[in-house]
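A short worksheet on the structure shown next.
What follows is calculated from the coordinates using simple rules that are stated; it is not laboratory data. On a predicted model such as this, the values are computed, not experimentally measured, just so you know. Backbone-built Cβ (ideal geometry, glycine too); neighbour counts: all protein chains shown.
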2 protein chains.
Amino acid sequence: MGKPLILITNDDGFNAPGIKNLTEFVRDLGDICIVAPERPQSAMGHAVTISSPLRLKKLTESESFTEYTCSGTPADAVKLALDKVVPRRPDIILSGINHGANSSVNVIYSGTMSAAIEGSMSGITAIGFSLLNFSHDANFLPARKYIRSIVLSTLNSVELSGKCLNVNIPDVREDEIRGIKICRQAKANWEEEFDERLDPHNNKYYWLKGVFKNKDNGKDTDEYALSQNYISIVPITIDFTEHSTKEILNTINFNV
Amino acid sequence: MGKPLILITNDDGFNAPGIKNLTEFVRDLGDICIVAPERPQSAMGHAVTISSPLRLKKLTESESFTEYTCSGTPADAVKLALDKVVPRRPDIILSGINHGANSSVNVIYSGTMSAAIEGSMSGITAIGFSLLNFSHDANFLPARKYIRSIVLSTLNSVELSGKCLNVNIPDVREDEIRGIKICRQAKANWEEEFDERLDPHNNKYYWLKGVFKNKDNGKDTDEYALSQNYISIVPITIDFTEHSTKEILNTINFNV
């Protein structure tokens, strides 16, 4: 068996320290193919580009290490990589390391996770990594051995084939990380408060500035694990059906 | 008790026939507040605008009927409406009617559904409506009585409070619609095939043109119901945790 092919992308753009660190962490675990957005794409959710064409730009190409940038969103990057760039079907797709949390409901807004979800939709095992620190100078090194372990364990597990994992990493020193916890997504939301301003022509405009509210006391949640300095892993489904609500709906007479 | 407040948005833009029809269909069921994107936002997924400010534009304002446009995405429109526009908490959020299907995995890419999901994240009951016809001249009228029935039944159900529904409507004559089916999301994916072209400067560019592949033979799926000329309702969760995979992950020794 040859080396595994690892496709890497992110939403902060190809030049972000997060993807540079991730690539360095897994460099020796397989052949590496990077297709990352040329510009930051945070909060893009699962957007795809349908009304304008996409561009690819080759930065490096060798047998074991290829790097492209792509003009679109993280989901575009995965689609384009799978159709036009990879020499064979990737064994795993890694997205990140995101500069900032994608725990709890943030998975819904996350460009990082949209790339992983896109991979999983094509049946390819995928992991999104996020560090709870938004800054450019965040320290990714404490996560190194955990990320390597998660990638290797996932590659080696037949049962995890095609699954999608959302991994969040607390922003603490390496000796403060207490381990890895398997979690469910915490129930939370953003309470929005737009900052209303006036432009020089006296017209109003609004900046989004929500406040994250965790409404879940469960000790099995990602938010709880992260608060206790654990790395959280939440497996993510691409079946959005809320099966319990089907039963409620079936009791309703729509009376048409 | 006063009239219910119905917040309406979409992803095709305020001027699309789909939202005009939806508004007309439910006009007498409550007070109406429309906050819709000023420009089409298809395939935006759950994108939100964080790096540029948003604008609101008032088109109409009266006690029972208010209409604004918003410069952002469908998720932005809901956030901004809830914080800056609505006179009280909406009783329901309606999104659509989308020009084109949002059945199966399309829910993941859908701007229409992102608006409904955003509402549900704030605890407000929300329904996204989509007609299986992409054209501007699509005929929304056959869906009229079904949409009214679904909105009324949902407003009247305590158990459906805060839930999110994905409603898809077959593109057939009214006498061909066989009723409403409660479904699960079909397992399907898009097989991407980018159209590769050369620009006048001999540089490659790519148009996304995927082919939708339904891989699910289940008769309880939205795809099956729609193929049989039923209107499909899939309840949508905002908890993306794949609980069954937590058990697999708990058996893995990460060996850090």
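Some notes on this structure:
- Of the residues examined, B:N255 is not one that is more than 7 Å from every other protein chain (Cβ to nearest Cβ) and of a type outside the set (G, A, S).
- Within the stretch A:1-60, the residues that satisfy the criterion of being acidic (D, E) and within 15 Å of the chain's Cα centre (by Cα) are A:D11, A:D12.
- B:A47 meets the stated requirement of being hydrophobic (A, V, I, L, M, F, W, C), in contact (Cβ under 8 Å) with a residue 60 or more places away in the chain and either on the phi > 0 side of the Ramachandran plot or part of a loop (DSSP other than H, G, I, E, B) (or both).
- Once the stretch B:26-44 is narrowed to residues that are within 13 Å of chain A (Cβ to nearest Cβ) and of a type outside the set (K, R), the residue that is farthest from B:F140 (Cα to Cα) is B:M44.
- Within the stretch B:171-182, considering residues that are crowded, with 20+ Cβ neighbours inside 10 Å and facing chain A (nearest Cβ under 8 Å), the one farthest from B:S120 (Cα to Cα): B:I180
- Considering B:V158, B:V172, the condition of being out of contact with any His (no Cβ under 7 Å at 6 or more places or on another chain), more than 19 Å from B:N10 (Cα to Cα) and free of Cβ contacts under 8 Å to residues at least 24 places away in the same chain is satisfied by B:V158 alone.
- For the condition among the aliphatic types (A, V, I, L, M) and free of Cβ contacts under 8 Å to residues at least 24 places away in the same chain, A:I252 qualifies.
- Taking the stretch A:27-44 as the range and being in contact (Cβ under 8 Å) with a residue 40 or more places away in the chain, under 14 Å from A:D76 (Cα atoms) and in a loop (DSSP other than H, G, I, E, B) as the test, the residues that pass are A:Q41, A:S42, A:M44.
- Checklist (1) closer than 30 Å to B:P4 by Cα; (2) part of a strand (DSSP E or B); (3) within 7 Å of chain A (Cβ to nearest Cβ); (4) not acidic (D, E) applied to B:N168, failing item: (3)
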